[in-house]
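Derivation of every value follows stated rules applied to the coordinates shown; laboratory data play no part. Not measured: the values here are computed from a predicted model. Cβ: placed from backbone, ideal geometry, glycine included. Neighbour counts: every protein chain shown.
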DNA sequence: CTGAAAGCGCTTACAG
DNA sequence: CTGAAAGCGCTTACAG
């Protein structure tokens, strides 16, 4: 007897199908084990009742939440959005849901969000920003949850890392610009740990070639299109003017190009610009932007693959998964 | 006696504090009711054990998931991102988490994501895209969950709607351009229901002024920066050339301006451009972009406010919450 | 292939 | 202000 306006539960389906609740549960979680005829009766009962399994009860009983927390600094203009897209797509394929946590550019909400994820017994926690707080890292390590750090390759990952070397990116850019004969770069550095790693890689490679340390300019976080005005204002009063500006993002690079043009300075003829990230705008901009391509979607897929391997009980030996990157020479430098 | 490597539960804390589990539960959910001295002992026990409440068990017992599903088409270059940011911030303040569901530009994954949300007994479901499928709307209506449709004001909301009138936006743009003396607009329409509403509003107002129906161009979804090339290619072969292009997004507007400049056509002197959304780039672009401001963050906050009122047992009488919009005249038109 | 039953870790009237 | 106890809706050995 199904009651009106009360949501049907496993028991209602079982009664209607003339089987035990255990069998209905198996029908959902282990279908190959139930007899075809039984399955058919259950299917009918489900259709009749409009039953939808209560996964929060299921999660408690099975000790699997099917919840993966994805913690990112922001979503507004974020370089991580392709990674988020890929993870959402992959995870929902397996019946998981993603909890989106926005930590803020300064990671100020990170600790609370991690607690929220652990309190829901998330099957996995995926971080995109670099988490430097050792207490927090230790806290996460002490839990049994899978935690995946993405977009970087820390020496000692909490658990598993999927990313690439930011110092290598910086070095690659330096080598490229050296090869093109640039003399006087300005390195624009965002106030973020990884941006500094790229800067370090650049400076090391640049000075290793016998050049003087490059000029630098720090911009605040989060990266905004409007910062390009700050950058350009700074550049305009430099003497001598740099011949190439290395930006921390394609958005910033695009803005700098627009400001340069508005000031009557041609890119790349009078000043060159390099971006980072290879967003769609990098290829579409006029001039198209020389940048570093990072396959954000692949990072997302690899992260989910690790989660799957863990769920399958597989031992993960290599805790560093390097997806690499690729410098793409276009018109702007 | 706490066991190593087993995660502490309510019972462990209770034993250690010398109280019942009921009291520890109250300590978390109804703190004003437990005696200060008792609370202190519980606090100590929590600290000693490193206890973190299992909210999935709590959710089952209390019939509150503290989970709100936010279903958006995409996150890559989405106009909804400010709304998402605001909702995440507000919801985590109340101890809720947000499930992010990416439905795809064509909403193809919407039904599955709704089921995933309902299966977790989400306390609320927030939609940003217009959901046209009547079966799905009915399905949602039959549940007791709060559902909030945002960024639009459908005549008959599933539950509550927070947004603005898209036809009014179109009409406003028409009136503005009429006032500025434009003669020959091209309306670029994305293949989306709401974009069509804005187009309808524009055309109605434009023709009501005694003008001929404007030229139109449809662009595919999702809106990408690269589409501006398509638009510009189309414009270049129009004869006579339009004197103003009405774009469905600021990103598209920006791209069109860049293409125009690359083709040696000055904006707004030779051709004007109007955007939609008032993203940061609209104000920062050269020329700055005339657009329609929508307060996406406010939409997010209002949606969460509705959720709170529901949680407090308040009756919601007005099912339409109009947050309005504002045409912002800048340099591009 | 299926069922009876214990258990997952909490919350919440009810009683005191 | 606090406790004993039932219950939330599932899953999963265990036995057959």
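Note the full-extension length gain between residue B:212 and residue B:15 as 0.36 nm times their separation in residues minus their Cα-Cα distance, in nm to one decimal.
On the way: separation 197, 0.36 × 197 = 70.92 nm, distance 8.05 nm.
Between residue B:212 and residue B:15, full extension yields an extra 62.9 nm.
Pairing the Cα long axis of helix A:193-208 with the longest principal axis of chain A, what angle in degrees results, from 0 to 90 and rounded to the nearest 10?
40 degrees
Scan chain A for the residue whose Cβ is closest to the axis carrying it onto chain B, then write down that distance in whole angstrom.
Nearest Cβ to that rotation axis, in whole Å: A:100, 2.
Which length gain, in nm to one decimal place, applies between residue A:132 and residue A:22 when the Cα-Cα distance is subtracted from 0.36 nm times their residue separation?
Values: separation 110, 0.36 × 110 = 39.60 nm, distance 4.62 nm.
Taking residue A:132 through residue A:22 to full extension adds about 35.0 nm, to one decimal.
For region A:242-333, report the translational diffusion coefficient in µm²/s to the nearest whole number, using Stokes-Einstein at 10 °C, 1.306 mPa s, and a Kirkwood Rh over Cα pairs. If you can, show how the numbers build up before the last one.
Values: Rh = 14.8 Å.
Stokes-Einstein gives a translational diffusion coefficient of 107 µm²/s.
Of the residues A:143, A:26, A:175, which exhibits the maximal mean-square fluctuation in a Gaussian network model of chain A defined by a 10 Å Cα contact cut-off?
Per the Cα network of chain A with a 10 Å cutoff, A:26 tops the list.
Taking square-rooted eigenvalues a ≥ b ≥ c of the alpha carbon gyration tensor, is region A:123-215 rounded, prolate or oblate, where a/c under 1.5 means rounded and, failing that, a/b exceeding b/c means prolate? Intermediate values should be presented prior to the final figure.
Values: a/c = 3.59, a/b = 2.91, b/c = 1.23.
Prolate.
Can you say what percent of the DSSP beta bridges in the protein assembly as shown, counting only those with both residues inside, are antiparallel? Round to 5. Spell out each step's value before the answer.
Values: 9 of 75 bridges.
Bridges in the protein assembly as shown are about 10 percent antiparallel.
Tell me, what is the percent relative contact order of region A:1-67, built from C-alpha pairs under 8 Å that lie six or more residues apart?
Relative CO of region A:1-67 lands at 33 percent.
Averaging over every viewing direction, what projected area does the convex hull of the Cα atoms of region B:238-280 cover, in nm²? Numbers along the way, then the final one.
Values: hull surface 12.2 nm².
For region B:238-280, averaging the hull's shadow over all directions gives 3.0 nm².
What list do you get for A:269, A:295, A:12, B:11 if you sort them by fewest beta carbons within 10 Å?
Values: A:269 8, A:295 18, A:12 22, B:11 11.
Listed from fewest to most nearby Cβ atoms, that is A:269, B:11, A:295, A:12.
Tell me, A:247, B:88 in order of fewest to most beta-carbon neighbours within 10 Å?
The fewest-first ordering by Cβ neighbours comes to B:88, A:247.
Say a label goes 7 Å from Cα toward Cβ at residue B:262 in every copy; what distances in nm does this one have to the rest, shortest first?
With the label placed 7 Å along Cα→Cβ, residue B:262 yields 2.0 nm.
For A:172, B:155, which order do you get if you count the other beta carbons within 10 Å of each Cβ and list the fewest first? Walk me through the intermediate numbers first.
Details: A:172 19, B:155 6.
Arranged by neighbour count, lowest to highest, A:172, B:155 become B:155, A:172.
Considering every pair of different Cα atoms, what Kirkwood radius, in Å, is found for chain A?
On the way: mean 1/r = 0.0442 Å⁻¹.
Computed over Cα pairs of chain A, the Kirkwood hydrodynamic radius comes out at 22.6 Å.
Measure nothing fancy, just the Cα-based angle from helix B:296-311's long axis to the longest principal axis of chain B, in degrees from 0 to 90, nearest 10.
Value to nearest ten degrees: 40.
How compact is region A:70-123 by the rule of thumb for globular proteins, expressed as Cα Rg over 2.2 N^0.38 Å?
Working: Rg = 11.6 Å, N = 54, 2.2 N^0.38 = 10.0 Å.
Ratio of Cα Rg to 2.2 N^0.38 Å: 1.16.
Taking the simple approach of a point 7 Å from Cα along Cα-to-Cβ for both residue A:43 and residue A:318, what is their distance in nm?
4.3 nm
Ignoring everything except DSSP H segments at least 4 long, calculate the 222 nm mean residue ellipticity for chain B; use -39,500 (n - 2.57) per segment, divide by total residues, nearest 500. Intermediate values should be presented prior to the final figure.
Details: 13 runs with 144 residues, N = 333.
Helices in chain B give a 222 nm mean residue ellipticity of -13000 deg cm²/dmol.
If I stretch the segment between residue B:293 and residue B:234 completely, what's the gain in nm (0.36 nm per residue apart, minus their alpha carbon distance), one decimal? Present the calculation step by step, with values, prior to reporting the outcome.
Values: separation 59, 0.36 × 59 = 21.24 nm, distance 2.70 nm.
Gain in length upon complete extension: 18.5 nm.
In whole Å, what is the distance between the alpha-carbon centres of region B:215-290 and region A:139-209?
Here the two parts' Cα centres lie 36 Å apart.
Using alpha carbon coordinates only, what is the Rg to Rh ratio of region A:1-131, with Rh defined as the Kirkwood radius?
Details: Rg = 19.2 Å, Rh = 17.1 Å.
Dividing the radius of gyration by the Kirkwood radius yields 1.12.
Report, for residue B:298, each distance to the same residue's label point in the other copies, shortest first and in nm; define the point 7 Å along Cα→Cβ.
Result, one decimal in nm: 4.4.
Highest GNM mean-square fluctuation, chain A, Cα pairs closer than 10 Å: which of A:35, A:89, A:263?
A:35
Can you list, bin by bin at 10 Å, the percent of alpha carbon pairs in the protein assembly as shown, starting at 0?
P(r) for the protein assembly as shown, in whole percents per bin: 3, 14, 22, 23, 19, 12, 6, 1, 0.
List the relative contact order of chain B as a percent without decimals, with contacts defined as Cα pairs under 8 Å and 6+ residues apart.
On the way: 579 pairs, mean separation 48.9, N = 333.
Contact order relative to length: 15 percent.
List the distances, in nm and shortest first, from the label point of residue B:184 to the matching label points in every other copy, placing each point 7 Å from Cα along the Cα-to-Cβ direction.
In nanometres, ordered from closest: 4.7.
Could you calculate, for region A:154-299, the ratio of the Cα radius of gyration to the Kirkwood radius, expressed as Rg to Rh? Display every interim value, and only then the final one.
Details: Rg = 14.9 Å, Rh = 15.5 Å.
Reported Rg/Rh, Kirkwood definition of Rh: 0.96.
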